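Below is one structure; the comments refer to it alone.
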Amino acid sequence: MFKPGVTVWYSVKSLQGSIAFYRDKLGFEVVFHDEEGGMAMVNTTTAGCIIGFSEAQEVVPSTSSTVFEVYDIEAARQALEQKGVTFLGDIETIPDMVKLATFIDPDGHSLMLSEELTPL
C-alpha cells in the first residue's frame with residue numbers, strides 16, 4: 001500500500017534561515033524552493049527521506065524527533081558543533097542498543113543522531 005520514502009514537514013519562521021541550516025550545516029540538497037509561496041524542500045542523505053518547510057508567523061517547535069543514523073556519533077556531533085549546531089545535553093547510551101544525541105534547528109525543532117550499537 002505505501003511507497004518507499006517519507007517526507008517530514010516543519011513550519012518555520014524564516015525559510016531562508018531554515019534552508020541555510022539544512023543545506024550548509026547538515027549538508028542536505030535543496031530540491032524545491034518557492035520563495036513567493038514560502039515553501040522549500042531538502043533531500044536528506046537518507047534515501048527517500050525529504051524534509052519540507054512552510055513559512056509561518058507563529059511556530060511551535062516539534063518535540064518529535066527526526067532521527068538520522070550515523071556511523072560514529074561522537075565524530076558526527078563534533079563536526080556539527082564545529083558548524084554551530086546546538087545540541088541539547090550529552091550523548092545518551094541505551095546499552096547494547098543505541099547511542100543518541102539531540103540537537104535543534106533554528107526554530108527549535110528536535111532532531112537526533114543515532115548510532116546503532118547492535119544490528120537489528
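The values are calculated or read from the model by the stated rules, or taken from the named source; none is laboratory data. What you see is a predicted model, and the numbers here were worked out from it, not measured in a lab. With ideal geometry, Cβ positions are generated from the backbone for all residues, glycine too; neighbour counts draw on all protein chains shown. The protein model used for the area step is the full one, side chains on, heavy atoms only, and it has no ligands, DNA or RNA in it. Shrake-Rupley method; radii C 1.70, N 1.55, O 1.52, S 1.80 Å.
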Quiz item: Does A56 satisfy the criteria of being closer than 21 Å to D24 by Cβ and touching a residue at least 24 places away in the same chain (Cβ under 8 Å)?
Solution: no
Quiz item: Do we find that V6 is touching a Cys at 6+ places or on another chain (Cβ under 8 Å) and open to solvent by 50 Å² or more (accessible area, probe 1.4 Å) in this structure?
Solution: yes
Practice problem: Mind listing whichever residues of segment 1-48 are of a type in the set (A, V, I, L, M) and more than 17 Å from V67 (Cβ to Cβ)? | Solution: M1, V12, L15, I19, A20, V30, V31, M39, A40, M41
Exercise. Please verify whether segment 84-105 includes one or more residues that are among the acidic types (D, E), over 27 Å from T118 (Cα atoms) and open to solvent by less than 50 Å² (accessible area, probe 1.4 Å).
Key: yes
Practice problem: Taking only segment 21-44 into account, find how many residues are within 19 Å of S110 (Cβ to Cβ) and either modelled with pLDDT under 95 or assigned to a strand (DSSP E or B) (or both). | Solution: 1
Quiz item: Among S18, S62, S11, S54, which is open to solvent by less than 60 Å² (accessible area, probe 1.4 Å) and modelled with pLDDT under 95?
Solution: S62
Self-check item: Single condition G48 does not satisfy, out of (1) modelled with pLDDT under 95; (2) under 17 Å from S14 (Cβ atoms); (3) open to solvent by less than 80 Å² (accessible area, probe 1.4 Å)
Solution: (2)
Quiz item: Regarding V67, is this residue touching a residue at least 40 places away in the same chain (Cβ under 8 Å) and either open to solvent by less than 80 Å² (accessible area, probe 1.4 Å) or more than 29 Å from E116 (Cα to Cα) (or both)?
Solution: yes
Exercise. State all residues of segment 23-37 that are surrounded by 14 or more Cβ atoms within 10 Å (Cβ to Cβ) and either under 13 Å from W9 (Cβ atoms) or in contact with a Leu (Cβ under 9 Å, 6 or more places away or on another chain) (or both); if no residue qualifies, say none.
Key: K25, L26, H33
Quiz item: Name the pairs whose Cβ atoms lie under 8 Å apart, with the first residue in segment 77-99 and in a strand (DSSP E or B), the second of a type in the set (K, R) and open to solvent by less than 50 Å² (accessible area, probe 1.4 Å), and 6 or more positions between them or separate chains?
Solution: F87/R77; I91/R77; I91/K99; E92/K99; T93/K99
